[in-house]
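A quick write-up on the structure given underneath.
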Amino acid sequence: MRRDRAKELGQYFTPIFLAEFMVSLITKPKDALVLDPCAGTGVFPKALIKAGYKNVKAYEVDPTLPNESPVKIEYKNFLEVKPEEKYDVIIGNPPYVRWKNIPKEWREMFRNSSYYRPIMNGLSDLTYAFIYHSVNMLKEGGELIFITPIFWTETLHGMRLREYLIERGHLELIINFNEMRIFNDVSSTIIIFKYVKTRSTKPVKIINLQTKDRLTPRLLNKIREVLIRLDRGEKYMREGIYEAFIHKQFEDG
C-alpha cells in the first residue's frame, strides 16, 4: 500500500546531502521567507534550518509521513493554496506523476480550473503544476530551486510552461545529471534548476555529468568547484565526467 501511494503521489525522497547542496544555491539573506511546497518527511526544512534560515514554511499532502524536521509541516495540498501567498525562495523536490496516474480529483481540478487549464492537459505531468504555481507564488526577484525530471525542458507540450517562465524571469543554473543514479527505482534523467523571477539577459550556467554512478557528496563538492570557476569567468570546461559552460539566456519556449 505504501509503495502504491508513493507512486500515486510521486514520492521520491531527497538525500539530505543533496538537499543541503540545493540550499547552498540560495542567495537570499537568512531572514528570507522560504517555502518547501512538498516537504515529505522534512529533508529540505531540516537543511534550511541547519543553514541558518529562520522563516521556513512547509506543506505536505500526505499526513501519513513522519515529520523528521524541526519545522512544523502543514498537511495540505500546495496546489490548492491561494497564489496570493508570496515567498522569497521556493525550494524542493516536486512530485513527478504522469497524467494517467495523477489522482482523479486533481485531474478534475486541472480540467475545471481557469488557473491551471492554460498549463495542464492530458500530456502534462504533475511537476508542471508545481513549477507553474511556485512561480506565481514567488515575489519579484524570488528564487525557485527544484530537482525534477528533465522532460518539462524538452517536450513540445511543455512549451507553454517554458514560455510562462521566460516571460516572467530567467534561468540561472541547470545541472543535468543524465543517467546518474539519484533516487531508488527512478531511471529518468534528473536536473536541478534555479530560476529567478526577474527578466534578465544574463547567461545560464549549465553543468552536465556523464556517468551512471550513484550521486555522492564528493561529486557534489566537485560541482561546487565548477560553479565557482564559472562565476569567476571561465566560459567552458571539460574534466572527466564534468562538462560546464555558459549559455545565452533562453528567449522563448
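Of the candidates Y96, Y116, the single residue that is hydroxyl-bearing (S, T, Y), closer than 19 Å to W152 by Cβ, in a loop (DSSP other than H, G, I, E, B) and open to solvent by less than 10 Å² (accessible area, probe 1.4 Å) is Y116.
Of all residues in the stretch 216-240, those that are within 22 Å of the chain's Cα centre (by Cα) and of a type in the set (S, T, Y) total 1. Restricting attention to the stretch 201-215, the residues that are within 20 Å of the chain's Cα centre (by Cα) and of a type outside the set (V, I, T) total 6. Among the criteria (1) under 17 Å from the mean Cα position of the chain (by Cα); (2) assigned to a helix (DSSP H, G or I), the one I191 does not fulfil is (2). Take the conditions (1) outside any strand (DSSP E or B); (2) surrounded by 14 or more Cβ atoms within 10 Å (Cβ to Cβ); E108 misses just one of them, which is (2).
The set of residues from the stretch 60-75 being at pLDDT 95 or above and either under 18 Å from Y132 (Cβ atoms) or not in a loop (DSSP other than H, G, I, E, B) (or both) comprises E60, I73, E74, Y75.
Residues that are open to solvent by less than 30 Å² (accessible area, probe 1.4 Å) and at pLDDT 95 or above occur at least once in the stretch 80-88. Remark: pairs (first residue in the stretch 81-93, within 7 Å of M137 (Cβ to Cβ) and among the acidic types (D, E); second residue open to solvent by less than 10 Å² (accessible area, probe 1.4 Å) and not in a strand (DSSP E or B); Cβ separation under 6 Å; 6+ apart in sequence or on different chains) = E85/M137. Scanning the stretch 132-152 for residues that are more than 20 Å from Y242 (Cα to Cα), in contact (Cβ under 8 Å) with a residue 40 or more places away in the chain and either in contact with a His (Cβ under 9 Å, 6 or more places away or on another chain) or of a type in the set (S, T, Y) (or both) turns up just one, S134.
The values are calculated or read from the model by the stated rules, or taken from the named source; none is laboratory data. In this text, all values refer to a predicted model and were calculated from it rather than measured experimentally. Virtual Cβ from ideal backbone geometry, glycine too; neighbours counted across all protein chains shown. The accessibility values were calculated without ligands, DNA or RNA, using every heavy atom of the protein model including side chains. Shrake-Rupley method; radii C 1.70, N 1.55, O 1.52, S 1.80 Å.
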